[in-house]
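The values are calculated or read from the model by the stated rules, or taken from the named source; none is laboratory data. Computed from a predicted model, the values in this text were never measured in an experiment. Neighbour counts are summed over all protein chains in view; Cβ atoms, including those assigned to glycine, are modelled from backbone coordinates with ideal geometry. All accessible areas refer to the heavy atoms of the entire protein, side chains included, with ligands and DNA or RNA removed. Shrake-Rupley method; radii C 1.70, N 1.55, O 1.52, S 1.80 Å.
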Amino acid sequence: MASISLHTAHSFPSSLHTQNPKSTLSHNLPILSKSSQSQFHGLKLSNSSHLSIPSPVSAKSAIVAKVSEGTQAPSFTLKDQNGRSVSLSKFKGKPVVVYFYPADETPGCTKQACAFRDSYEKFKKAGAEVIGISGDDTSSHKSLAFAEKYKLPFTILSDEGNKVRKDWGVPSDLFGALPGRQTYVLDKNGVCRLVYNNQFQPEKHIDETLKFLKSV
């Protein structure tokens, strides 16, 4: 079966320094000012927000991939947007697109969710299910509101505490300050066949996963 290697579409400026772990993001990265925070899809900042940059060792350990092409994806059971428990095993027997995104109602995540929605019939035609996972808390009904507002026809799961994200080894961006945006395509046996990472072009996840599904 064809496979596609992990893509990393963007690198960060060489001006980022990690020698001083106590330096705040607002000090080192003026591009993250309140007026331009929407450049970073999925990151919410206020004037009082301070994000410390971790040491190089912790940053490196945060990007170790646990789920890669050819490996069995770890099982999980999470609450969906309606508060019901959903297990990955429920979808065994068909391809599954599992995409991790930073947070509901952020510009990039909204674009990505709507792009999956608009192409959902194409995924169904390919016999695949779509599952979105973020760290949003279902008890606040935020995921439900997000799904209803944008009429999302697929399952949105709450990974409160980011346990599944850690189990799968989803890498973070911006030295660990920004939850990663990563998509996996699993075959009918739950084996990973594609890993795609692109924080700043969320709609590309849909293009790449559909392209892959059509090729197999």
Within segment 199-216, residues under 18 Å from Thr106 (Cβ atoms) and surrounded by fewer than 21 Cβ atoms within 10 Å (Cβ to Cβ) come out as Phe200, Gln201, Glu203, Lys204
Residue under question is Glu148, and the condition is that it be surrounded by fewer than 19 Cβ atoms within 10 Å (Cβ to Cβ) and over 15 Å from the mean Cα position of the chain (by Cα); does it hold?
yes
Pairing a residue in segment 165-181 that is of a type in the set (Val, Ile, Thr) with any residue that is open to solvent by 10 Å² or more (accessible area, probe 1.4 Å), where Cβ atoms lie under 8 Å and the two sit 6 or more apart in sequence or on different chains, gives Val170/Pro179
- For segment 84-107, indicate whether the set of residues that are touching a His at 6+ places or on another chain (Cβ under 9 Å) and open to solvent by 60 Å² or more (accessible area, probe 1.4 Å) is non-empty. yes
Turns out the strands (runs of 3 or more DSSP E) fully within segment 44-157 with at least 1 residues that are of a type in the set (D, E, K, R), more than 29 Å from Lys211 (Cβ to Cβ) and modelled with pLDDT of 90 or more are 77-80
Of (1) at pLDDT below 95; (2) over 26 Å from Val191 (Cα atoms), Pro171 satisfies every one except (2)
Going through segment 117-153 in order, the residues found to be among the aromatic types (Phe, Trp, Tyr) and either touching a residue at least 60 places away in the same chain (Cβ under 8 Å) or over 21 Å from Gln199 (Cβ atoms) (or both) are Tyr120, Phe123, Phe146
When (1) over 20 Å from Lys111 (Cα atoms); (2) open to solvent by less than 10 Å² (accessible area, probe 1.4 Å) are applied to Lys163, the one that fails is (2)
